[in-house]
Amino acid sequence: MERMYEGKAKIVYRTEDPERVLMRFKDDATAFNGQKKGAIADKGRVNAGISAAVFRYLEGEGIVTHYLAQPAPDELTVRHLTMLPLEVVVRNRAAGSFSRRLGIEEGRAFSAPVVEFYLKDDALGDPLLNRHHIRALGLAEEGEADRLEEQALRINELLRRYFAARDLELVDFKLEFGRAAGELILGDEITPDTCRLWQVGSGERMDKDRFRRDLGGVEEAYQEVFRRVVPQGEKRED
Ligand code: UDP
């Protein structure tokens with residue numbers, strides 16, 4: 001299969017159908033814009049399984065996603081999207097770059113979720129953008145920033161509920177969107193690489209912060225999220 005693109009955590013391959021691509025999830029892990037590199041054993045399988053389950057849930061709730069099928073434990077078949085060069089982050093509590101940049105202690109809850117846009121550009125370190133920047137740079141069409149924010153907030157409500165039912169608090173997460181046939185579609189992945197998930201009660205980190213901050217127990221946390229999201233006997237492959 002022809003490799004279309006290789007990122008830090010996934011490889012994207014063409015398929016015989018130009019409207020479909022195959023994403024293979026890797027065990028490789030990076031943090032701090034690629035400055036820290038490593039691997040998380042079995043992450044490819046775990047993250048593909050979690051993404052598939054989450055995308056199927058969101059589809060059931062009326063969100064249009066790129067997910068089509070899971071042909072192998074570490075692979076998803078998805079719709080071929082033209083990606084917007086943006087990351088959309090939603091935050092329910094202060095953490096990570098928000099806490100660092102604004103001097104707010106980690107864990108402070110917000111009265112309403114915070115939505116942020118970042119430019120996807122490794123060389124620039126993914127700078128924060130506001131709607132004026134998005135318009136000035138022509139990164140999205142008129143009105144698309146509003147639609148992205150609406151979608152992101154709706155997805156936040158759905159995912160908070162989904163993870164809370166699994167004893168995990170959704171602290172923040174990152175989404176990427178693309179277009180196909182003129183439609184705005186949720187793409188990329190939704191995994192412990194792209195979400196902060198805290199154990200309800202203890203606040204224990206169950207996500208990539210274990211890798212970023214050398215907290216130990218990285219593999220165990222990813223496996224535990226997998227077990228809660230993909231119940232035994234339901235490890236289906238399409
Ligand atoms: N995030 C991501 N990819 C990025 C940047 C952030 O998936 O390139 C996710 C991250 O896992 C967290 C949320 O977006 O769930 C907010 O990340 P933050 O801005 O705090 O950056 P960090 O400190 O994680 O680098």
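The values are calculated or read from the model by the stated rules, or taken from the named source; none is laboratory data. Note that the structure is predicted; figures quoted are calculated from it, not measured. A quick note on method: Cβ atoms are made from the backbone with ideal geometry, for glycine too, and the neighbour counts reach across all protein chains shown. Surface areas here come from the heavy atoms of the whole protein model, side chains and all, with no ligands, DNA or RNA. Shrake-Rupley method; radii C 1.70, N 1.55, O 1.52, S 1.80 Å.
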| query | At a probe radius of 1.4 Å, what is the per-residue accessible area of LEU215, in Å² to the nearest 10? | reply | 90 Å²
| said: On a 1.4 Å probe surface of the protein chains, which of LEU137, LEU119 comes out largest in accessible area, and what is the full order? | reply: LEU137, LEU119
| note | In the chain the accessible area split gives carbon plus sulfur, as whole percent at 1.4 Å, a share of 48 percent
| What 222 nm value per residue comes from the helices of the chain, counting each DSSP H run with n ≥ 4 as -39,500 (n - 2.57) and dividing by all residues, nearest 500 deg cm²/dmol? | -8500 deg cm²/dmol
| request: Starting from 0 in steps of 10 Å, tell me what percent of the Cα-Cα pairs of the stretch 113-195 lands in each bin. | output: 15, 46, 31, 7, 0
| task | Report the FRET efficiency, 1/(1 + (r/R0)^6), for LYS8 and GLU141, where r is their Cβ-Cβ distance and R0 is 30 Å, rounded to 0.05. | result | 0.60
| remark: Packing-ranked peptide list from 7-15, 121-129, 90-98, highest mean Cβ count within 10 angstrom first, is 90-98, 7-15, 121-129
| Whole-angstrom gap from the stretch 108-132 to the stretch 5-70, using each part's C-alpha centre | 22 Å
| message | How big is the stretch 81-238 along each principal axis, measuring the range of its Cα positions in Å and listing the largest first? | response | 45, 44, 32
| task | Specify which residue in the list ALA39, ILE11, MET1 is farthest towards the positive end of the charge dipole of the stretch 1-45, using unit charges on the beta carbon of Lys, Arg (+1) and Asp, Glu (-1), about the Cα centre. | result | ALA39
| remark: For the stretch 32-70, listing chymotrypsin sites (Phe, Trp or Tyr not before Pro) in a DSSP loop whose Cβ sees at most 10 other Cβ atoms within 10 Å gives PHE32
| query | About its Cα centre, how strong a charge dipole does the stretch 63-153 have in debye, to the nearest 20, once Lys and Arg get +1 and Asp and Glu get -1 at the Cβ? | reply | 280 debye
| query | Mind checking the dipole of the chain: about its Cα centre, +1 per Lys or Arg Cβ, -1 per Asp or Glu Cβ, Debye to the nearest 20? | reply | 520 debye
| message | On a full-extension model of 0.36 nm per residue, what is the gain between ARG179 and ARG101, subtracting their alpha-carbon distance, rounded to one decimal in nm? | response | 24.9 nm
